[in-house]
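Participant: Before I ask anything, here is the structure I am working with.
None of the figures in this text is laboratory data; all of them are computed from the coordinates on show. As the structure is a prediction and not an experimental result, all values here were calculated from the model. Methodologically, a virtual Cβ is constructed for each residue, glycine included, from the backbone with ideal geometry; neighbour enumeration extends over all protein chains shown.
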Amino acid sequence: MGELQPACGSKLSRIDCFMTNLSGFPTWTLFCSNLTHLSLHTNSIGTLPDSLGRLSNLILFCASKCSLSGPFPPAILQLRKLKWLALDRNKLETLHEDISILTSLRFLAVEDNCLVKLGSLSKMTWL
């Protein structure tokens, strides 16, 4: 994938990298300040950077089938406008205990993970 010029990045609102053979998180997306939709579905992302929280306008984030493992990525908790979150078909072990702070969230897909702890999911009555 070619380099994204900073001026173009500030104008983008949606990025769909479905099955694009990414290996690792595409850090160039972090410069897209108006990004509302980011789909990384079916790539080898592995881990999400803490700087993901800089994408404060995200409404939709999809990292389904992205080889994520371990605990819930805490950077997602900074995405307070998030309405749609798909982390299914990974190897996540827990949902963050503070997931209920995502009060705008209306859709959460976490099936096909290795979840042993659901955090405060029961408090999310709006989901």
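Participant: Do we have residue 125 as among the polar types (S, T, N, Q) and surrounded by 14 or more Cβ atoms within 10 Å (Cβ to Cβ) here?
Facilitator: Judged against the criteria, residue 125 is not a match.
Participant: Related question: Go through region 36-63 and give me each residue that's under 9 Å from the mean Cα position of the chain (by Cα) and not aliphatic (A, V, I, L, M).
Facilitator: If the condition is that a residue be under 9 Å from the mean Cα position of the chain (by Cα) and not aliphatic (A, V, I, L, M), then 39, 61, 62 are the ones that fit.
Participant: Is it true that some residue in region 110-122 is among the basic types (Lys, Arg) and in a strand (DSSP E or B)?
Facilitator: Checked against the condition, which is being among the basic types (Lys, Arg) and in a strand (DSSP E or B), region 110-122 yields at least one hit.
Participant: I'd like the residue in region 39-53 that is in contact with a helix residue (DSSP H, G or I) (Cβ under 9 Å, 6 or more places away or on another chain) and either surrounded by 18 or more Cβ atoms within 10 Å (Cβ to Cβ) or polar (S, T, N, Q) (or both) and, out of all such residues, is nearest to residue 99 (Cα to Cα).
Facilitator: Out of the qualifying residues, it is 53.
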